[in-house]
Amino acid sequence: MRATASLEELLDHFAFNRFNCPYVFVVVRDHLDERPPGGPPINGGVNNGGGVIQLGRQKLTEDRRFQSPLRHELGHGFGLVHPNLYGESLSDSDSVMSYNESHFTNRFREALRIPRLSCEDIRALVANDRVFQDLNATAVEELCGNIGNRKKLKTLPPMRKLGGMGYEVRVTADVNSEYETQASNVVLTSILPDFASDTPDEIWFDSNSMWQSTQVSNGWITLNIEFPLPTPLDQINIYSRHSGEYHAVTSAHVLRNSGASYEQVCSESNLKPTQS
Ligand SMILES: [Zn+2]
């Protein structure tokens, strides 16, 4: 049985969907083949919610070190990535997300070296509010120190299809894009500055996380944002003025599509740029 099939059953049982599920499920299965256990997060990205881990039952009795892959996969389930993505050694890093052999357990005996959570691991867990609502930034401050030294968080991809529910928030625009940007960048990306850069204090133009439309004569562009399930609207933050200088948004209308027609939700025609 695929991980998605087990997960669909579990979500159903606990009355969650992929977006509000706060659990990482550990599924112990009979006759799972000998591949190493897998543990993908459900949604990927930052604040990704839960995940699912599949483990062969035989591993529990036949593999003396089963505890170490279990905690490593739990990390993946919570959305953590391998340390080499942060420039650390995959074989020597202290992180539980490495392949460091001195982290191997022996049945119920602890490893030679107890693995740790790296600064990036902790930041990623703190960012996952859907699972860890009570974690705050204090641990991050203590462990990671100066904000300028922080690396940009890396994430795992989402499970694409689950119970017929897709993942993507679909974004289309009524104008073309420029500078190799995509309209879909207006959602689900993090805002630069990138703390791993040489000049972490400066904001610059980044085609992977920003969107620039072609010039329009009347100054208005329309974005259609389509969610995969009914989504409450709490607030909208509009980030504009790339590099802190260009193309500030001064007016916005928000409309909700209800069947065939659109109805106005809110309208603001005197937006003041703020520096934050
Ligand atoms: Zn791994």
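The values are calculated or read from the model by the stated rules, or taken from the named source; none is laboratory data. In this text the structure is predicted, and so the values were computed from the model without any measurement. All Cβ positions, even for glycine, are placed from backbone atoms using ideal geometry, and neighbour counts span all protein chains on display.
Considering the range 70-92 alone, what residues qualify as being within 12 Å of the ligand (Cβ to nearest atom) and either over 26 Å from residue 159 (Cα atoms) or among the acidic types (Asp, Glu) (or both)? If the condition is that a residue be within 12 Å of the ligand (Cβ to nearest atom) and either over 26 Å from residue 159 (Cα atoms) or among the acidic types (Asp, Glu) (or both), then 73 is the only one that fits. If you go through the range 105-117 and keep only what is in a loop (DSSP other than H, G, I, E, B) and either surrounded by fewer than 16 Cβ atoms within 10 Å (Cβ to Cβ) or modelled with pLDDT under 90 (or both), you end up with 107, 108, 110, 112, 113, 114.
Mind checking whether some residue in the range 84-97 is more than 22 Å from residue 26 (Cα to Cα), assigned by TED's automatic domain parsing to the domain that holds residue 50, of a type in the set (Asp, Glu) and out of contact with any Lys or Arg (no Cβ under 9 Å at 6 or more places or on another chain)? Working first, answer last.
Initial filter on the range 84-97 (more than 22 Å from residue 26 (Cα to Cα)): 84-94.
Cutting the leftovers down to assigned by TED's automatic domain parsing to the domain that holds residue 50 gives us 84-94.
So of that shortlist, the ones also of a type in the set (Asp, Glu) come out as 88, 92, 94.
Filter again for out of contact with any Lys or Arg (no Cβ under 9 Å at 6 or more places or on another chain), leaving 88, 92.
Within the range 84-97, one or more residues are more than 22 Å from residue 26 (Cα to Cα), assigned by TED's automatic domain parsing to the domain that holds residue 50, of a type in the set (Asp, Glu) and out of contact with any Lys or Arg (no Cβ under 9 Å at 6 or more places or on another chain).
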